Amino acid sequence: MASQDTASQQAPNAPMEQRLAAVERVLEVRAHDKGLSVDGTMEWVEEKLMAENGAKVVARAWTDPAFRARLLADGKAAIAEFGIGLPAIQRQVYVLENTPSVHNVIVCTLCSCTATTLIGPPPNWYEDLEYRARVVREARTVLQEMGCPVAPETEVRVWDTTADTRFMVLPMQPPETIGWPEDKLAAIVTRDSLIGVARPSAEGG
Ligand SMILES: [Fe+2]
């Protein structure tokens, strides 16, 4: 915990109005640079920020061990192989591998950030205060309630997103899908499985 002296040395935050105005200016400049109207911006969001991107990355990781190793070592560099980038504020994305002994789940306790270019905009339940508060205290119970029970012998790791560090879960491949082509595999990887509250299934998640 920061001492009084340490706290007093930190730069003061600007008032909320100034911070909002700064964000609006950045959005306006970026939209103008891309030649986008509000409608165009929404189309860009729907095209670029979506769980299908994460699903493609997972399918490749399931079928290509060398890519999987690169993805786990440096998520940002590996997803760039798909032409998927990160917004400037997101400096790194860490890919968390689920295994029989470890189950990872993501939350943003501060607000509701996700790795947007891989997972898409956060779902409503992810933004809910109850999820954000409870998953860090009683992850197993929350996962059970969401239909994703975790075996007692499996460790649960909860990862709290920050503004510049985002996460994506690499779920386990259902054994019966071994040998499937990438596009068929990608189709069973759901947004919720990229967050860690669901598991892909051969029946389509
Ligand atoms: Fe957040």
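The values are calculated or read from the model by the stated rules, or taken from the named source; none is laboratory data. Predicted model only: the values in this text are computed from it and were never measured. Note that we place each Cβ from the backbone using ideal geometry, even for glycine, and neighbour counts take in every protein chain shown.
For the range 96-132, give me each residue that is within 12 Å of the ligand (Cβ to nearest atom), among the β-branched types (Val, Ile, Thr) and closer than 13 Å to VAL158 by Cα.
Answer for the range 96-132, where residues must be within 12 Å of the ligand (Cβ to nearest atom), among the β-branched types (Val, Ile, Thr) and closer than 13 Å to VAL158 by Cα: ILE106, VAL107, THR109.
Are any of the residues in the range 177-190 assigned by TED's automatic domain parsing to the domain that holds ASP64, in contact (Cβ under 8 Å) with a residue 40 or more places away in the chain, more than 21 Å from PHE82 (Cα to Cα) and in a loop (DSSP other than H, G, I, E, B)?
No, the range 177-190 has no match at all.
Would you confirm whether or not the range 166-184 contains a residue that is at pLDDT below 95 and buried (at least 17 other Cβ atoms within 10 Å of the Cβ)?
Step one: of the range 166-184, the residues at pLDDT below 95 are 166.
Still in the running and buried (at least 17 other Cβ atoms within 10 Å of the Cβ): 166.
Looking through the range 166-184, at least one residue is at pLDDT below 95 and buried (at least 17 other Cβ atoms within 10 Å of the Cβ).
So which of VAL135, VAL93 ends up being within 16 Å of the ligand (Cβ to nearest atom), under 23 Å from GLN173 (Cα atoms) and under 16 Å from the mean Cα position of the chain (by Cα)?
So the residue among VAL135, VAL93 that is within 16 Å of the ligand (Cβ to nearest atom), under 23 Å from GLN173 (Cα atoms) and under 16 Å from the mean Cα position of the chain (by Cα) is VAL93.
Does at least one position in the range 96-104 carry a residue that is buried (at least 19 other Cβ atoms within 10 Å of the Cβ) and either basic (Lys, Arg) or in contact with a Lys or Arg (Cβ under 6 Å, 6 or more places away or on another chain) (or both)?
yes
Give VAL150, VAL136, VAL58 a once-over and let me know the one that is buried (at least 20 other Cβ atoms within 10 Å of the Cβ), among the aliphatic types (A, V, I, L, M) and modelled with pLDDT of 95 or more.
Step by step, each of VAL150, VAL136, VAL58 is checked, and only VAL58 is buried (at least 20 other Cβ atoms within 10 Å of the Cβ), among the aliphatic types (A, V, I, L, M) and modelled with pLDDT of 95 or more.
Please verify whether the range 165-181 includes one or more residues that are more than 20 Å from THR99 (Cα to Cα) and among the acidic types (Asp, Glu).
no
In the range 128-142, how many residues are among the aliphatic types (A, V, I, L, M) and closer than 11 Å to VAL197 by Cα?
Of the residues in the range 128-142, 3 are among the aliphatic types (A, V, I, L, M) and closer than 11 Å to VAL197 by Cα.
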